[in-house]
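Student: My structure is below; once you've seen it, I'll send some questions.
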Amino acid sequence: MQSIISKLPNVQTSIFTVMSRLARKHEAINLSQGFPNFDCDERLKSLVFDYMKKGYNQYAPMAGIFELRNQLAMINESLYGRSFDPEEEITITAGATQAIYTAISAFVQAGDEVILIEPAYDSYKPSIEVNGGIVIPYGLTLPSFKVDWDAFAQLITDKTRMIVINTPHNPTASVFDEEDMKALERITKGTNIVVLCDEVYAFLVYDGQKHQSVLNFPDLYARSLATYSFGKTFHNTGWKMGYCMGPAHLMREFRKVHEFNVFSVNTPVQYAISDYIKDRETLFGLSAFFQQKRDLFGQLMEGSKFRLLPAHGTYFQLADYSAISEENDVDFAKRMTKEFGVAAIPISVFYSNLKDEKLLRFCFAKTDELLQQAAAKLIQI
């Protein structure tokens, strides 16, 4: 037998794969994995096909087609009131996960410390560890899932190379406010720390709140890379399309890894998205669309023994099941899938210490009909 030393010896099958597989096996309604069960806009699909037929089927430029990067620069200028250079500050990627991995690979070296805010999306930690980095967790707690920035600052050492944040936050559905961003700006000032901000749900913020991006804070942006997902935004996660924004001095290093990771990404889809987002409502109308689904799911769950926590962003809803069972969240999620026909994600798997607070994550990016069917099963538990 060949002797192999694993670079990720502790990594197991993703909880998303586990729960989706269990949902298929037991023919359960799948509210676990974060993707819609409805299709993307027919107009967007037609645009992709049109560009394919026109022959836009060869390699795109390494950084992405200029037309798309320029549209993104104009959109963000309208949001944040300052210009972004499409040539030097924006790179089109094969989804946000590739952008996150590339950013970590470009800056994290063996022995570097990276602070993660947990519960953390499950791609962050392996991406750090495979590059020899050391994860330093900061745990959010109920009921607010707010960061205590004074306590957070105590984790920073001379070995801290990167801080990873995520707003709107998956899985808690909380959002950073302006004071959070200013605090992060303050504690990183004068350091060599790179801030990696996962903003894939930037257009899914509810109740009149405004998304707080690193792009809106010049001193913070000067040390930050922000990642985004067209797949999450436009209901086509299988296309694996995203982008990264950051100042030129960081983007140069990002592109060094990006070029030899994927080089470039899907050409006709880039042209199609560039045309599609000229209608800004394709982006700015999303909050109202998903807030309606959040509110519907909340109404349908009234009277159940689940206690729904506030959901300020993303298309996820946390629910406390402590009034139903004392089982740990993984066991309860599996039993709920098998016995009651609805799959959800247990939250403990997103903590390094597997902290169990009796919480499940439901995805409400589903048709109204499917949400009604799922809720009808859940209120019987």
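The values are calculated or read from the model by the stated rules, or taken from the named source; none is laboratory data. Only a predicted model underlies this, so the values are computations on that prediction, with no experimental measurement involved. Cβ coordinates were reconstructed from backbone atoms using ideal geometry, including for glycine residues, and neighbour counts include every protein chain displayed.
Student: Using beta carbons and a limit of 6 Å, which pairs, at least six apart or on different chains, have the first residue in segment 343-358 and closer than 25 Å to PHE35 by Cβ and the second one small (Gly, Ala, Ser) and part of a loop (DSSP other than H, G, I, E, B)?
Tutor: Short answer, once both residue conditions are applied: ALA343/ALA28; ALA343/SER32; ALA344/SER32; ILE345/SER32; PHE350/ALA120.
Student: Continuing with the same structure: Within segment 362-371, does at least one residue satisfy the condition of being touching an Asp or Glu at 6+ places or on another chain (Cβ under 8 Å) and modelled with pLDDT of 95 or more?
Tutor: no
Student: Follow-up question, since we're still on this one. Anything in segment 250-294 that is over 13 Å from ALA60 (Cα atoms) and in contact with a Gly (Cβ under 7 Å, 6 or more places away or on another chain)? List them, or say none.
Tutor: PHE254
Student: Does segment 347-381 hold any residues that are surrounded by fewer than 17 Cβ atoms within 10 Å (Cβ to Cβ) and at positive phi, and which are they?
Tutor: Hit for segment 347-381 is LEU354, nothing else.
Student: Is it the case that segment 105-112 has a residue that's free of Cβ contacts under 8 Å to residues at least 60 places away in the same chain and buried (at least 20 other Cβ atoms within 10 Å of the Cβ)?
Tutor: Yes, segment 105-112 contains at least one residue that is free of Cβ contacts under 8 Å to residues at least 60 places away in the same chain and buried (at least 20 other Cβ atoms within 10 Å of the Cβ).
Student: Being modelled with pLDDT of 95 or more, part of a loop (DSSP other than H, G, I, E, B), surrounded by fewer than 17 Cβ atoms within 10 Å (Cβ to Cβ) and among the small types (Gly, Ala, Ser) is the filter here; which residues of segment 125-149 pass it?
Tutor: Matches in segment 125-149: GLY132 only.
Student: On to the next question. When segment 206-227 is examined, which residues are found to be touching a helix residue (DSSP H, G or I) at 6+ places or on another chain (Cβ under 6 Å), under 28 Å from GLN33 (Cβ atoms) and in contact (Cβ under 8 Å) with a residue 60 or more places away in the chain?
Tutor: If the condition is that a residue be touching a helix residue (DSSP H, G or I) at 6+ places or on another chain (Cβ under 6 Å), under 28 Å from GLN33 (Cβ atoms) and in contact (Cβ under 8 Å) with a residue 60 or more places away in the chain, then TYR206, LEU225, THR227 are the ones that fit.
Student: Further question: Check off (1) in contact with a Ser or Thr (Cβ under 8 Å, 6 or more places away or on another chain); (2) farther than 21 Å from SER144 by Cβ for LYS355 and give me the number that stays unchecked.
Tutor: Here LYS355 meets the rest and fails (2).
Student: Of the conditions (1) crowded, with 23+ Cβ neighbours inside 10 Å; (2) free of Cβ contacts under 8 Å to residues at least 40 places away in the same chain; (3) among the hydroxyl-bearing types (Ser, Thr, Tyr), THR93 fails just one. Which one is it?
Tutor: If we test THR93 against (1) crowded, with 23+ Cβ neighbours inside 10 Å; (2) free of Cβ contacts under 8 Å to residues at least 40 places away in the same chain; (3) among the hydroxyl-bearing types (Ser, Thr, Tyr), just (2) comes out false.
Student: Okay, next question. Where the second residue is among the charged types (D, E, K, R) and surrounded by 16 or more Cβ atoms within 10 Å (Cβ to Cβ) and the first is within 9 Å of VAL342 (Cβ to Cβ) and in contact (Cβ under 8 Å) with a residue 40 or more places away in the chain and lies in segment 369-381, which pairs have Cβ atoms under 8 Å and are six or more apart or on separate chains?
Tutor: ALA374/LYS366; ILE381/LYS305
Table: residues versus (1) part of a loop (DSSP other than H, G, I, E, B); (2) within 25 Å of GLN292 (Cα to Cα).
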site: ASN353; (1), (2): yes, no
site: ALA365; (1), (2): yes, yes
site: LEU370; (1), (2): no, yes
site: ALA374; (1), (2): no, yes
site: LYS377; (1), (2): no, yes
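Student: Take segment 325-340 and flag every residue that is of a type in the set (S, T, N, Q) and either in a loop (DSSP other than H, G, I, E, B) or under 14 Å from PHE306 (Cβ atoms) (or both).
Tutor: Within segment 325-340, SER325, ASN328 meet the criteria.
Student: Does LEU250 meet the test of being among the aliphatic types (A, V, I, L, M) and either surrounded by fewer than 22 Cβ atoms within 10 Å (Cβ to Cβ) or farther than 23 Å from THR91 by Cα (or both)?
Tutor: Here the answer is no, as LEU250 does not meet what is asked.
Student: Is segment 300-309 home to any residue that is part of a loop (DSSP other than H, G, I, E, B) and within 18 Å of GLU118 (Cα to Cα)?
Tutor: Yes; the residues of segment 300-309 include at least one that is part of a loop (DSSP other than H, G, I, E, B) and within 18 Å of GLU118 (Cα to Cα).
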